Amino acid sequence: MKKIVIIGIGAVGAATAYTLASQGICNELVLIDANHDKAVSESLDICHALPLIGDMDVCAGGYEDCANADVIIIAAGWPRIPSGTRLDLAAGNSAICKQIVSNLKPFYTGGVILVATNPVDVLTVLITEEMGLPAGRVIGSGTVLDGARLRYVLSRQLGIDAGDVHGYVLGEHGDSMLIAWSLSHISGMNVERYFELAGHKLDESEKNAIYKQVQKGSSGVLKGKGHTSFAIAASLAAISRAICENSSSIYTVSTVLDGAYGIRGAAVSVPSVVGKDGVSGVIEYPLAKAELEALQGSAIQIQATLKVASENPC
């Protein structure tokens, strides 16, 4: 029996709840929101779909329901606005997450805490510290979504199945992220070589164009929709499945590093082994020099934002 609790049933939380239910990832799903009526309505809507997608227990609840949860997803907080960045949300969402931790602590019994609230890297550090948990037990959704965007862009450009595209986006889930081109390949073939054989040219100009599409991937969604929800929900569901099934899957989740890649005390996204206890290990790939420097620079920016948010809480 697997139990998942979602705290914060806004656009992301609701989409994640439906995705988890439709994929049958858990047996029990509990929705918690400051607006309890909203959580009740969303849970009832999913319940009405259960005869068509598969049976499970879905309900609205309170923090006491976090006891014995395998995964606790935190999706509460202010959403990003089209003209702003994720880091702009640090102070306000830090205050919200501190309140969530205060409510959660009395009932916490050891599940993995999966953070979706932005800025996810900053809040992963904060929640890890506030909960007093070891690194890896609190993980952020990180750049799993950015990696999916990279695979989508490359697959459409090359006219191939996205499942055959493998590439990592590392660092911040935000403007200082980086594409690890040295680790990217198409079914085992170096991505630059594949581009060449396919009659395309992957020079620095083209790399920059692809980077901007990935980095600004949410902008087009925010412009007309006002929020992102489906793709991040799919990312959270994939991570949750790895935890519930203890599959030791490799995902670029955000976790507080303790020396890997020369980074200590900052949460950034790097390839990590994800299972029932969260992150059980970080894989330290030999990055190109420029990539490693960009990753370390991303960590410095995240640490600076955390410091400012801590000093200027809302």
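FYI, it's all coordinate maths here, none of it is from the lab. Remember, it's a predicted structure, so these values are computed and weren't measured experimentally. Positions of Cβ are backbone-derived with ideal geometry, glycine not excepted, and every protein chain shown enters the neighbour counts.
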(message) Checking understanding here: applying a Kyte-Doolittle mean of at least 0.5 and a length along the axis of at least 15 Å (C-alpha), which whole DSSP H helices in the chain pass?
(response) 11-23, 90-104, 120-131, 230-244
(request) Counting other beta carbons within 10 Å of each Cβ, put PHE195, PHE230 in order, fewest first. (result) PHE230, PHE195
(request) Taking the Cβ of each residue in SER155, SER102 as the centre, tally the other Cβ atoms inside 10 Å and list the residues starting with the fewest. (result) SER102, SER155
(request) Taking the Cα centre of the stretch 3-140 as origin, work out the dipole magnitude from +1 charges on Lys and Arg Cβ and -1 charges on Asp and Glu Cβ, in debye rounded to 20. (result) 380
(request) Express the C-alpha Rg of the stretch 227-314 as a ratio against the empirical globular expectation 2.2 N^0.38 Å, rounded to two decimals. (result) 1.23
(request) Obtain the radius of gyration and the Kirkwood radius of the stretch 77-199 from its C-alpha atoms and give Rg over Rh. (result) 1.10
(request) Classify the stretch 133-198 as rounded, prolate or oblate, taking a ≥ b ≥ c as the square roots of the eigenvalues of its Cα gyration tensor: rounded when a/c is under 1.5, otherwise prolate if a/b is larger than b/c and oblate if not. (result) prolate
(message) Please report the antiparallel percentage of the DSSP beta bridges confined to the chain, to the nearest 5.
(response) 50
(message) Checking the a/c ratio against 1.5 first, then a/b against b/c, what shape does the Cα gyration tensor give for the stretch 1-96?
(response) prolate
(message) At 0.36 nm per residue, and after removing the present C-alpha to C-alpha distance, how many nm does the segment from VAL221 to LYS289 gain when stretched out fully?
(response) 21.1 nm
(request) Provide, for the chain, the number of lysine pairs with alpha carbons under 23 Å apart, each pair being eight or more places apart or on different chains. (result) 18
(message) Cα atoms only: what Rg and Dmax, in Å, come out for the chain?
(response) 19.0, 59
(message) Can you find, among ILE73, LEU145, LEU202, the residue sitting farthest towards the positive end of the charge dipole of the chain, where Lys and Arg contribute +1 and Asp and Glu -1 at Cβ?
(response) LEU202
